1. Taking helices (runs of 4 or more DSSP H) that fall entirely within region B:254-327, which contain at least 3 residues that are in contact with a Phe, Trp or Tyr (Cβ under 9 Å, 6 or more places away or on another chain)?
2. Mind listing whichever residues of region A:170-191 are under 22 Å from the mean Cα position of the chain (by Cα) and away from ligand 1 (no atom under 14 Å from the Cβ)?
3. Among the residues that make up region A:49-68, is at least one of them within 14 Å of another protein chain (Cβ to nearest Cβ) and more than 16 Å from ligand 1 (Cβ to nearest atom)?
4. In region B:29-73, what residues are small (Gly, Ala, Ser), on the phi > 0 side of the Ramachandran plot and in contact (Cβ under 8 Å) with a residue 24 or more places away in the chain?
5. Away from ligand 2 (no atom under 16 Å from the Cβ) and within 14 Å of chain B (Cβ to nearest Cβ): is that true of A:ILE137 in this structure?
6. Please specify each residue of region A:120-163 satisfying the condition of being more than 16 Å from ligand 1 (Cβ to nearest atom) and in contact with a Gly (Cβ under 6 Å, 6 or more places away or on another chain).
7. Tell me, yes or no, whether region B:74-93 has at least one residue that is assigned by TED's automatic domain parsing to the domain that holds B:TYR137, within 16 Å of ligand 2 (Cβ to nearest atom) and on the phi < 0 side of the Ramachandran plot.
8. Going by what's in this entry, would A:SER217 be described as over 30 Å from A:CYS40 (Cα atoms) and either within 12 Å of ligand 1 (Cβ to nearest atom) or more than 14 Å from every other protein chain (Cβ to nearest Cβ) (or both)?
Amino acid sequence: MNNILPLTKPVTKNLLGIAPEILLKWYDEMLLIRRFEEKCAQLYGMGKIGGFCHLYNGQEAIAAGSIGAITPDDYVITAYRDHGLAISKGVDPRRILAELLGKHTGTTKGKGGSMHLFDREKNFLGGHAIVGGHIPIGTGAAFACKYRGEKRVCLCFMGDGATNIGEFHESLNLAALWKLPVIYIIENNKYGMGTSVDRASSIEALHKKAAAYNMRSAVIMDGNDVLKIYQTVKAAVDHARSSYEPSLLEVQTFRYRGHSMSDPIHGHYRTKEEVETQKKLDPLTVFAEALKDAHLAADEYFESAEARIKSIIEECVQFTESSPEPPLEELYTDVYAE
Amino acid sequence: MPVVSIREALNQAMDEEMARDERVFLMGEEVAQYNGAYKVSQGLLTKYGPKRIIDTPIAEAGFSGIGIGAAMVGLRPIVEFMTWNFSLVAFDQIVNNAAQMLSMSGGNFNVPIVFRGPGGAAHSLAATHSQALESIYAHFPGLKVVMPSNSRDAKGLLKTAIRDNNPVVFIESEMMYGEKGEIPEGEYTIPFGVGEVIKEGTDVTIVSWSRILQHIAVKAVGRLAEEGISVELIDPRTIKPMDWELIFNSVKKTNRLVIVEEGWPFAGVGAQISHEVSNHCFDYLDAPVERVTQEDVPLPYAHNLEIASLPNIQKVIRAVRKVMYLD
Ligand SMILES: Cc1ncc(C[n+]2csc(CCOP(=O)(O)OP(=O)(O)O)c2C)c(N)n1
Ligand SMILES: [Mg+2]
């Protein structure tokens, strides 16, 4: 299997003239996601997190770059690999961790767990665990934006595997036909569980599926390049705001961990070398180097960032550990709206 | 007698039937190269090759429908759902096509297909990944619904399912795949519609199946025995067809019935059993039929809420004491 990302592509060099504080915010966000996921892995290992837990390590640049291209008013929806996107969308990481430990202070009071994070205030439409099931929902949010005459958009994230299910195709057709302001973003991490893209999709260039629906599309070959992601998503978002037209974007990326915490890191479906090679292109490392080269940050900055993030993670743990379990009465709440 | 896990028993059933009948093949997500998400198809790819052990994309409606079409024209597919929750994506195919084809086509096309995989709750998988769906499938005429609770039944019933000329919904339990039990030596099948008395008793009849039978009902029955309450425990093994005679005869003896199931109460399998028993055993009943089910809410993630919602030993004991007017 030759699924290796191109080794030569550096992070977009000129940094696109983006304000330094925004770039550093993205870096911090990516670092927070990375450390958050590492903490999750540890807590899962200790048996404190249950169920299925899918980590985002390796894909952080997609969250920071894509969500960096929208405003808090815009909607985001994704599948079950949702911690990173939730963090980038501004969901309180303390409440995410509390959710993962089934605490009452969690994003859904402990009802949804890792795969079902939600935050109405932050316009984060979830965490969805049935593959492809959320794609029409994201399309529906975009429908509502247009219906109300707003200029908001919805970013609808999905895995490569999700592009093979019917709901993906029905949604794309409807979004293109009805001109809905939705940007579909395929996080192509090369595998759906143990199945590589070429064994699941008749076409490996997944963004080309847009052609069948007469939809604009783009591919980002280097999903470690946060600026390239930002730039591409921004163009699609601007287009959606001005014309209500959807886009299909494909980002080539890689997950460092197993499919979920209960799966092996490489198993038989990919090699250790493949994982190790990909890790050398780490999105955090390449971004840090670009920031250094541009003299926007020096070693001290990265050390202080580590320290800051470490204390945020500690706060998350403390908040979670001191939070109560949901009371039993919660079992019967939220089944029907008032 | 050999002792094997339910996982191995299911594997043997598929292996033997594939060896016996060229028309049988297995299709589903991760069933081939990964040996199954829960390793039920371990080794089958090596033995039968990619023509007969087929990895699919995540496309439940598509590959279920492909199975149905292939079955209509002479093949005998086994379609694995990684879990039964994902069958809901293929609900149209299973209901409108598999279940109704024979009748709708006036007998032109039968659909000999097995849909199988784990159903019900595991640990903290939350609402979308924890559903016990037997009642909705049993609702549809044309489908048979099978729910084994041990290795012997898993193997014998799956072989019967594969040989059956109708669509069969075969629901396993993720939490029981590793549980071991004796199976008969050599070739055997177990017919549909024949339940089993797991334990004879005189005071109350309990009907339960699959994981809830083994993990909850059996244990509750043991505790009740310590209190001097003698429970007759019945495993129907197949939900549809249901072994009504076995249940009626037991109730006629004990005069009391408790049904313990994992699914939700409204229109659950237990509701149907309760109706049939009140119809056929009305004069024998000494108490209204009781049911223990999951609470009527989507299953939450948090461990404390999850265990509070699902049937447990205490709830079963309470129901039994109630039909005996002991509380
Ligand atoms: C309809 C449905 N079928 C099967 C599954 C089981 N499942 C969960 S994740 C997954 C793989 C998805 O891969 P991909 O879309 O590439 O996302 P990734 O996990 O790589 O982020 C599968 C098969 C599911 N959740 N829903
Ligand atoms: Mg993937």
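1. Fully inside region B:254-327 and qualifying: B:269-280.
2. A:SER171, A:LEU172, A:ALA175, A:LEU180, A:PRO181, A:VAL182, A:ILE183
3. Looking for residues that are within 14 Å of another protein chain (Cβ to nearest Cβ) and more than 16 Å from ligand 1 (Cβ to nearest atom), one finds at least one in region A:49-68, hence yes.
4. Scanning region B:29-73 gives B:GLY36, B:GLY43.
5. Yes: the conditions hold for A:ILE137.
6. Matches in region A:120-163: A:LYS122, A:CYS154.
7. Yes - at least one qualifying residue is present in region B:74-93.
8. Spelling it out, A:SER217 is indeed over 30 Å from A:CYS40 (Cα atoms) and either within 12 Å of ligand 1 (Cβ to nearest atom) or more than 14 Å from every other protein chain (Cβ to nearest Cβ) (or both).
The values are calculated or read from the model by the stated rules, or taken from the named source; none is laboratory data. Keep in mind the model is a prediction, meaning the values are calculated, not measured. So basically every Cβ, Gly included, is an ideal-geometry build from the backbone, and we count neighbours across all protein chains shown.
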